[in-house]
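Take a look at the structure set out below.
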Amino acid sequence: MTTTHLQTPVSSPGAIMGVDWEERVNFARLRDERLARAQAELERSSLGALILFDMNNVRYTTATHIGNWARDKLFRCVLLMRGHDPILWDIGSAARQHKMHAPWLDEENWRAGLSTWRGSIPEEVGVEVGNAKRIADILRENGLQNDPIGIDVVEIPVLRAFEGEGLHIVNGQDLMQRARRIKTVDEIALLSHAAGMVDAAYDELYRFLHVGVRENDAVALVNRVLYELGSEEVEAVNAIAGERCSPHPHVFSDRMMRPGDTAYFDIIHSFNGYRTCYYRTLNIGSANANQRDAYTRAREAIDAAIDQVKPGASSADIARAFPSAADLGYHSEEEAFGLQYCHGIGLSLWEQPLISRYHSLEHPVEIEEGMVFALETYWPTKDGSSAARIEEEVVVTSEGCKVITRFPADELLVAGTRYWNGHSFNTNNLGTGIRQNV
């Protein structure tokens with residue numbers, strides 16, 4: 001079990017701006033430790049080199065970033081060979097910018113390149129063939145042409161071009177998932193800060209919600225708050241209200257919120273590359289017994305799962321603590337997948353460990369110190385009219401785990417106008433069940 005990354009703690013992890021009088025996030029250390037982990041995994045493997053197109057693997061190994069617009073274009077390419085620093089081919093102007101402002105690698109390692117932009121340049125032009133030959137020549141120069149070469153994600157014409165150069169291509173994504181599985185102290189600090197920004201977004205959202213607000217209005221508010229706080233990218237904001245909560249549609253609409261509605265939200269954004277996945281459920285004006293019961297069951301399920309999180313534990317123990325598909329009214333774990341599970345978070349939203357009743361009971365993995373993952377639960381109301389959704393992000397520590405998502409979620413909170421009757425000011429008579437909102 002690797003724990004050395006925790007021996008140099010960030011003394012003030014909630015503060016990001018660099019100062020001379022306190023140790024905070026050390027970005028030079030972040031870059032060095034990430035690359036070292038990738039290189040160490042490569043050395044332990046049977047692979048001679050990695051060819052990386054996944055934008056998160058590119059950032060992990062080179063600490064370069066040119067915006068979310070690059071996510072689906074697959075034109076940035078890293079070659080990481082045993083015993084060598086990575087070489088990055090990037091769109092020409094970005095390569096020049098790296099030479100000017102990214103001195104952690106030699107200028108020679110930042111190179112201009114071109115792809116077909118997902119097939120926009122026809123295959124007969126020969127871009128794939130030229131790129132494959134360029135990389136194969138470097139591998140031959142370093143005596144690696146006969147070793148297995150790992151690729152994370154690849155387009156079919158690109159794969160065929162590499163095979164045409166005689167390269168033996170194998171899966172490289174698994175190696176990069178192993179490298180990224182345990183987070184460094186600076187990664188943990190950035191993940192915690194990203195979650196803190198969502199704390200603030202939920203605080204603003206709680207103040208904002210009232211009858212007449214639409215789901216898309218809530219999405220707009222959260223985007224504004226996060227970008228004003230310094231978010232690099234708001235990947236998605238799910239806003240689901242009323243009858244749309246069950247079954248979960250996983251996308252917001254223009255539905256208007258009405259008195260007594262349940263609404264749940266998932267806020268996914270990135271700060272310095274590090275992401276959040278963070279659900280909360282709120283009610284509008286009041287909450288009935290069915291809604292409170294669903295929330296209580298979702299809370300009990302996530303607490304039971306969190307109790308199992310500690311170094312040396314099995315992912316099967318965590319999965320077993322979640323409600324089954326049948327408990328949630330589904331026929332199979334495949335059908336219920338995504339409603340009660342865990343997923344690692346880091347530079348991407350899906351990292352190891354991924355834990356679910358679908359696969360973890362038969363294929364358990366060990367929980368390790370330094371892992372960071374999100375636990376999600378869901379529970380529909382008895383009448384099927386709504387549902388509750390809760391998510392917490394945790395850091396696995398030597399003592400157990402630390403929850404880094406802090407917006408209150410122990411009880412179902414009610415936002416908006418409170419509806420008082422003429423007989424009592426006791427919120428129990430109103431069905432809210434929320435003491436702190438009196």
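Taken together, the residues in segment 16-39 that are open to solvent by less than 50 Å² (accessible area, probe 1.4 Å) and in contact with a His (Cβ under 7 Å, 6 or more places away or on another chain) amount to 1. Scanning segment 276-327 for residues that are touching an Asp or Glu at 6+ places or on another chain (Cβ under 7 Å), open to solvent by 40 Å² or more (accessible area, probe 1.4 Å) and more than 27 Å from GLU351 (Cβ to Cβ) turns up just one, ASN290. Among the residues of segment 111-156, those identified as open to solvent by 30 Å² or more (accessible area, probe 1.4 Å) and of a type in the set (S, T, N, Q) are SER120, ASN131, ASN142, GLN145, ASN146. Residue count for segment 71-93 under the criterion of being part of a helix (DSSP H, G or I) and either hydroxyl-bearing (Ser, Thr, Tyr) or under 24 Å from GLU33 (Cβ atoms) (or both): the result is 1. Considering segment 42-55, the residues that are crowded, with 20+ Cβ neighbours inside 10 Å and part of a helix (DSSP H, G or I) include one that is farthest from the chain's Cα centre (by Cα), namely LEU42.
Which of (1) in contact (Cβ under 8 Å) with a residue 24 or more places away in the chain; (2) part of a strand (DSSP E or B); (3) under 25 Å from ARG297 (Cβ atoms) does VAL396 not meet, given it meets every other one? Of the numbered conditions (1) in contact (Cβ under 8 Å) with a residue 24 or more places away in the chain; (2) part of a strand (DSSP E or B); (3) under 25 Å from ARG297 (Cβ atoms), the odd one out for VAL396 is (3).
Within segment 188-207, being in contact with a helix residue (DSSP H, G or I) (Cβ under 7 Å, 6 or more places away or on another chain) and in contact (Cβ under 8 Å) with a residue 24 or more places away in the chain holds for MET197, ALA200, ALA201, LEU205. Checked against (1) touching a Lys or Arg at 6+ places or on another chain (Cβ under 9 Å); (2) part of a helix (DSSP H, G or I); (3) of a type in the set (Gly, Ala, Ser), SER115 passes all but a single condition, namely (2). Scanning segment 328-340 for residues that are open to solvent by less than 40 Å² (accessible area, probe 1.4 Å), in contact with a helix residue (DSSP H, G or I) (Cβ under 9 Å, 6 or more places away or on another chain) and more than 16 Å from GLU392 (Cβ to Cβ) yields one hit, LEU328.
To keep it simple, each residue is scored yes or no on (1) in contact with a Lys or Arg (Cβ under 9 Å, 6 or more places away or on another chain); (2) assigned to a loop (DSSP other than H, G, I, E, B); (3) open to solvent by 40 Å² or more (accessible area, probe 1.4 Å).
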{"position": "CYS342", "(1), (2), (3)": "no, no, no"}
{"position": "SER348", "(1), (2), (3)": "yes, yes, no"}
{"position": "PRO364", "(1), (2), (3)": "no, yes, yes"}
{"position": "GLY370", "(1), (2), (3)": "yes, yes, no"}
{"position": "PHE373", "(1), (2), (3)": "no, no, no"}
{"position": "TYR378", "(1), (2), (3)": "yes, no, no"}
{"position": "SER385", "(1), (2), (3)": "no, yes, yes"}
{"position": "ARG406", "(1), (2), (3)": "no, yes, yes"}
{"position": "ALA409", "(1), (2), (3)": "yes, yes, no"}
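Given the criteria among the hydroxyl-bearing types (Ser, Thr, Tyr), within 24 Å of GLU204 (Cα to Cα), assigned to a loop (DSSP other than H, G, I, E, B) and over 21 Å from the mean Cα position of the chain (by Cα), does TYR330 qualify? Answer is no for this residue.
Would you pick out the residues in segment 350-362 that are touching a helix residue (DSSP H, G or I) at 6+ places or on another chain (Cβ under 7 Å) and either under 18 Å from LEU190 (Cβ atoms) or open to solvent by 10 Å² or more (accessible area, probe 1.4 Å) (or both)? Correct list: GLU351, GLN352, ARG357, TYR358, LEU361. For segment 252-283, the set of residues classified as more than 17 Å from the chain's Cα centre (by Cα) and not polar (S, T, N, Q) consists of PHE252, ASP254, ARG255, MET256, MET257, ARG258, PRO259, GLY260, ASP261, ALA263, TYR264, LEU282, listed by residue number. Filtered by the rule that a residue be touching a Cys at 6+ places or on another chain (Cβ under 9 Å) and not in a helix (DSSP H, G or I), segment 312-327 gives a lone residue, PHE322.
For segment 59-110, a residue qualifies if it is surrounded by 20 or more Cβ atoms within 10 Å (Cβ to Cβ) and on the phi > 0 side of the Ramachandran plot, and exactly one does: ALA63.
The values are calculated or read from the model by the stated rules, or taken from the named source; none is laboratory data. Quick caveat: nothing in here was measured; it's all calculated off a predicted structure. Virtual Cβ from ideal backbone geometry, glycine too; neighbours counted across all protein chains shown. The accessibility values were calculated without ligands, DNA or RNA, using every heavy atom of the protein model including side chains. Shrake-Rupley method; radii C 1.70, N 1.55, O 1.52, S 1.80 Å.
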